[in-house]
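Read through the structure below, which is laid out as structure tokens, and then see the notes.
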Amino acid sequence: MNRTTEGSPNPGSTVTVAPSGAAAITRRDLHFAIDDVDLKHWHGDGTSVSQFYNAMSLFFPEGEQFFIDSVRHYRERITDPALLADIKGFIGQEAMHGREHRAYNARLAEQGYDAELLEARALSLLNFARQHLPPIHHLAATIALEHFTAILADVLLREPRLTAGADPRMAALWRWHAVEETEHKAVAFDVFRAITRGSVRGYVLRCTVMVSVSIRFLWQTARTHYHLIRQDGEHRNLRGWLRLMNHLWGRPGLLRRIVLPWLAYFRPGFHPWQHDNRALLEGWQPVSVARNLPRAA
Ligand SMILES: [Fe+2]
Ligand SMILES: [Fe+2]
């Protein structure tokens, strides 16, 4: 079965998108046993790279709550039962991500980092959007960041060198998050399309918000990363910076490899499942480093 939805900027036209589903969205109630992980050194590429991922983690609990709220706001206006089921799966997964990244961030605080301050900074940015922008902008920001996380997840699942030498518990946590971001990558997008009905206005909004959100996301991640490595006294470590630049822009090149998928978002008929990467989900097993077994919602 193919699901056909409205979506080009020409009202009334249709575009065939993902193969049905497209992936099953499974809520997995997993706890990752990372209590005794040294978060300064968990990544094989050293402190600066460890802190880059730690910086992203500091955004997730508040960010994922924002995504949930943005989608939930429009749930009553959705009539498609398949999309309603997807929304339920999406909310369930994001809630679990928020919980596990909150625990991760609490470990950062225990290890002496200003995690609470940095999380509060993320929250104040989101609260500014909540107070000053209408709900459709919240949803547009959500689909932009969901695309961002989905393309990062694709590279993470595709490229084993990104987690080479990492603590296996941390690698498992990031892979679990990447798997579920892939499973639900189109849910918020489909809600946005159902609400904006493939209008030109919706297209312009999603593109402009993507540009502004990308700049903010990268700037805030860089700022948070710098705060963490300054706490480590590593902010003048040239070798650390070079290793980070190589990780992001050289080999394996986490950010280098998302440039083209990021640009794909600006195509008028774009849909996340036009890039069918479900093969990356096959054979994934989270249980070896988690404290309990996955449980379907
Ligand atoms: Fe998430
Ligand atoms: Fe997500």
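Taking all protein chains together and a probe of 1.4 Å, list Ser48, Ser124 from the most accessible to the least accessible.
I get Ser124, Ser48, largest accessible area first.
Taking only the Cα atoms of the stretch 64-179, how large is their convex hull per residue, in Å³?
Roughly 114 Å³ of hull volume per residue.
Where in the chain are the DSSP H helices whose alpha-carbon span along the long axis reaches 27 Å or more and whose Kyte-Doolittle mean is at least -1.0?
47-72, 81-110, 135-158, 200-232
Set Lys and Arg Cβ to +1 and Asp and Glu Cβ to -1, take the dipole of the stretch 52-153 about its Cα centre, and tell me which of Ala55, Ala144, Gly98 lies farthest positive.
Positive-most Cα among the choices belongs to Ala144.
Please arrange Arg201, Arg256, Arg77 by accessible surface area, largest first, computed with a 1.4 Å probe and ligands excluded.
Ranking Arg201, Arg256, Arg77 by accessible area, largest first, yields Arg201, Arg77, Arg256.
Which of rounded, prolate, oblate describes the stretch 242-285, given a ≥ b ≥ c as roots of the alpha-carbon gyration tensor eigenvalues and a/c under 1.5 marking rounded, otherwise prolate only if a/b is larger than b/c?
It comes out oblate by the Cα gyration axes.
More than 14 angstrom separation, counting every C-alpha pair in the stretch 113-177; what % is that?
Within the stretch 113-177, distances greater than 14 Å cover 71 percent of Cα pairs.
To the nearest 10 Å², what's Leu238's accessible area with a 1.4 Å probe?
Using a 1.4 Å probe on the heavy atoms, I get roughly 120 Å².
Could you pull the Rg and Dmax for the stretch 169-237, using just the Cα atoms, both in Å?
Taking only Cα atoms of the stretch 169-237, I get Rg and Dmax of 17.6, 51 Å.
Normalised radius of gyration for the stretch 44-279, please: alpha carbon Rg relative to 2.2 N^0.38 Å, two decimal places.
1.00
Taking amide H positions as placed 1.01 Å from N in the peptide plane, with prolines and chain starts having none, which residues 5 or more places from Lys40, or on another chain, fall under 5 Å of its amide H?
none
The values are calculated or read from the model by the stated rules, or taken from the named source; none is laboratory data. Please read these numbers as outputs of a predicted model, since none were measured by experiment. FYI the Cβ positions are ideal-geometry reconstructions off the backbone, even for glycines, and counts take in every protein chain you see. The protein model used for the area step is the full one, side chains on, heavy atoms only, and it has no ligands, DNA or RNA in it. Shrake-Rupley method; radii C 1.70, N 1.55, O 1.52, S 1.80 Å.
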